[in-house]
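Student: One structure, pasted below without further comment.
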There are 2 protein chains.
Amino acid sequence: MTALAAVRGERAARVAWARLVEPGGREVAARIAAVGAEEALQSIGIDSVASTRMAERLPELDVERDFQVAERLGARIVIPGDDEWPLGFGDLAAPPVCLWVRGPADLGEAACRSVSIVGARAATGYGVHTAKDLAAGLAERDFAVVSGAAYGIDGAAHEGALAVDGVTIAFVAGGIERPYPSGHAGLLERIRETGLVVSEVPPGSAPTKWRFLSRNRLIATLTQGTVVVEAGLRSGSRNTARLAGEHLRVVCAVPGPVTSAVSAGCHELIRAGATLVTDAAEVAEEVGPIGELAPRKEGPSTPEDDLGPSHQAVLAALPTRKAVTAEDLARRCGLGAHEVRGALGALDVAGLALREGDGWRKPAVRR
Amino acid sequence: MTALAAVRGERAARVAWARLVEPGGREVAARIAAVGAEEALQSIGIDSVASTRMAERLPELDVERDFQVAERLGARIVIPGDDEWPLGFGDLAAPPVCLWVRGPADLGEAACRSVSIVGARAATGYGVHTAKDLAAGLAERDFAVVSGAAYGIDGAAHEGALAVDGVTIAFVAGGIERPYPSGHAGLLERIRETGLVVSEVPPGSAPTKWRFLSRNRLIATLTQGTVVVEAGLRSGSRNTARLAGEHLRVVCAVPGPVTSAVSAGCHELIRAGATLVTDAAEVAEEVGPIGELAPRKEGPSTPEDDLGPSHQAVLAALPTRKAVTAEDLARRCGLGAHEVRGALGALDVAGLALREGDGWRKPAVRR
């Protein structure tokens, strides 16, 4: 057991804070921001609510053991001021006091070009397919893909990034050593091998409802934007999207059938101002640096595209075999012969009409 | 044959214009607007392009016969100034010179509360279902449903309105007596019996490509808004939507799977500023008078909704059977005992927690 007075140094003090309080508390965050974690820790007892809460956990505090556990897990404890500390968390009223981080990627660096992909646990096959596709496309564009390792959309996002050897980051709500959900133990292991698994609560912590809610603010603010792939009307993903918007991050949502309950939350987000996205290029255009423009969606272009409507009408009426006169064409397409003659001249120049004696037809092979 | 000089009166002059020129010409529209249809007709020959075009059709002109044909078809010829003339066409640079109208509804009146529903001919089952649903919902809200009688979305929109005995209006690109497409002859017949079939080109006219394009401007401006249900990237419906937007009408689009080619046009419209809509209430909110608000989409609400996150965490941790102490709960949900005691007090008042001896549990039957 560590007596509070024995906790020395900013890093140790932050580990102690992580043990003593639940994540996301603004009161504690404000005090740490004002006087530093170490001094804030020594001043315990001044504030009654915080001190009561903390006093109950104090007997179990053992910062030395926490450092040993981190080392044994191959985890590093990252605090503000470290190179790896993500810039984005500077926007939070209550940033994490510290982070437990496992995996070979550099959190701060990966965060600089990253997108969160979140969504329903009860995803449809369509949602899972789309999440994987988006994540793979973004990873191929060198974005780190951030999510929460849950079943459904979260898992599909991580899988999509892994499938193209991209960097993916899982923010978990419990301790980083706890595979949650347990069915994603293998997935979390693979994420840890190439990307990062991150938590703001100490090893051994259970993933409580409150910690899930707190965790969402980290997913929302680490990245430049959040994409919701499928979400019901009362979904945690909409909460993450709301937090992203409040912190001026890009909020995107993927549409789906209006008959699908797990697309209803996405449609509400789009109606409220989120950007509708259909592929990774469109997401990259939203969250990437200026100039990363998605190709405009157009059907295949043909020489006819630049023609005016009367020219198009004449072209459509031109026979492929037996040539017809301009007067016949005028009758066929309901235009004046004068106008048809003008159109034929233009089509001739464009190589789209061929004169044959007194008549006109389409050139033999065009497409 | 009618000599031009023998055409007397504004209505007869407009019928003559409809025979002599293709719809949508701005030159003719401007002249008619300046001096009236009758005088404009007498001044033929002053302008060379218009006169050349018209001269070719002049030999076949027979306005008397046109009035007889209209009467035989049970059609009325409606011109600006008539009670039935739709106000919306006043926004067009080239309004129709006149309209052939068949059916019991009043065009001007129906237009005052109307929505256009358009989309792909090659619609999916999802699109057809959604178009019918939207049209039925709008017809039930006393909107006239306007479309173009094509296969796919157009036909489904008319069918949806008919299914609930609503008013539906078909704007056709050829003469009103021509069932086009022929597979919709029965549908057009049913529309004519209860709603309206309308054309700006005289009976006997073929539905040419140019006339389809011209017809779209009528669908776009008759109504207060246009809903695109499914549209490919190169779709005539996007053209109608563009025209609606240019004339300051509401433009809505229905989302669909990002994997569906016939939803791609809708998604592009939404990305360009069209309103995403998922049901008739949302469309009515956009196009109806102010105050016609769609119910906000929310999941079912529960007493827990108003609780703060720590209260929700305590509630989630409360057992249903065997009561547990506040200290046990604090451990279970990772909160301070002080905070848990406060939450239990609030939950008790709300009837969501029950004290039992030293412990707490959920009340027996709540839902």
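Student: So which of A:242, A:192, A:238 ends up being closer than 20 Å to residue A:138 by Cα and more than 10 Å from chain B (Cβ to nearest Cβ)? Steps first, please.
Tutor: Details: A:242 fails: closer than 20 Å to residue A:138 by Cα; A:238 fails: closer than 20 Å to residue A:138 by Cα.
That would be A:192, the only listed residue that is closer than 20 Å to residue A:138 by Cα and more than 10 Å from chain B (Cβ to nearest Cβ).
Student: Shifting gears a bit: Any chance you could count how many residues in region A:122-157 are surrounded by fewer than 24 Cβ atoms within 10 Å (Cβ to Cβ), under 16 Å from residue A:253 (Cα atoms) and among the charged types (D, E, K, R)?
Tutor: 2
Student: Name the residue, out of A:232, A:186, A:256, that is touching a Cys at 6+ places or on another chain (Cβ under 7 Å), farther than 27 Å from residue A:11 by Cα and either more than 13 Å from every other protein chain (Cβ to nearest Cβ) or not in a helix (DSSP H, G or I) (or both).
Tutor: Working: A:232 fails: touching a Cys at 6+ places or on another chain (Cβ under 7 Å); A:186 fails: touching a Cys at 6+ places or on another chain (Cβ under 7 Å).
Checking each option against the conditions leaves just A:256.
Student: Test each condition in (1) surrounded by fewer than 22 Cβ atoms within 10 Å (Cβ to Cβ); (2) touching a residue at least 12 places away in the same chain (Cβ under 8 Å); (3) farther than 14 Å from residue A:74 by Cα; (4) not charged (D, E, K, R) for residue A:203 and report the one that comes out false.
Tutor: Going through the list (1) surrounded by fewer than 22 Cβ atoms within 10 Å (Cβ to Cβ); (2) touching a residue at least 12 places away in the same chain (Cβ under 8 Å); (3) farther than 14 Å from residue A:74 by Cα; (4) not charged (D, E, K, R), residue A:203 breaks only (3).
Student: While we're on this one: Out of B:177, B:159, which single residue is touching a residue at least 40 places away in the same chain (Cβ under 8 Å) and charged (D, E, K, R)? Even if it seems obvious, please write down each step before you answer.
Tutor: Values: B:159 fails: touching a residue at least 40 places away in the same chain (Cβ under 8 Å).
Only one candidate passes the filter, namely B:177.
Student: Using the structure shown, decide if residue A:78 is crowded, with 21+ Cβ neighbours inside 10 Å, within 18 Å of residue A:217 (Cα to Cα) and not assigned by TED's automatic domain parsing to the domain that holds residue A:207. Even if it seems obvious, please write down each step before you answer.
Tutor: Details: crowded, with 21+ Cβ neighbours inside 10 Å: yes; within 18 Å of residue A:217 (Cα to Cα): yes; not assigned by TED's automatic domain parsing to the domain that holds residue A:207: yes.
Spelling it out, residue A:78 is indeed crowded, with 21+ Cβ neighbours inside 10 Å, within 18 Å of residue A:217 (Cα to Cα) and not assigned by TED's automatic domain parsing to the domain that holds residue A:207.
Student: Here is a further query. Sort through A:337, A:346 and tell me the only one that's at pLDDT below 80 and away from every other protein chain (no Cβ under 11 Å).
Tutor: Details: A:337 fails: away from every other protein chain (no Cβ under 11 Å).
Only one candidate passes the filter, namely A:346.
Student: Which of the following residues is out of contact with any helix residue (DSSP H, G or I) (no Cβ under 7 Å at 6 or more places or on another chain) and either of a type in the set (Val, Ile, Thr) or assigned by TED's automatic domain parsing to the domain that holds residue B:263 (or both): B:92, B:162, B:73, B:107?
Tutor: Criteria check complete, one pass: B:107.
The values are calculated or read from the model by the stated rules, or taken from the named source; none is laboratory data. The shown structure was predicted, so the numbers you read here are calculated from the model rather than taken from an experiment. Every residue, glycine as well, gets a Cβ built from its backbone with ideal geometry; the counts of neighbours run over all protein chains shown.
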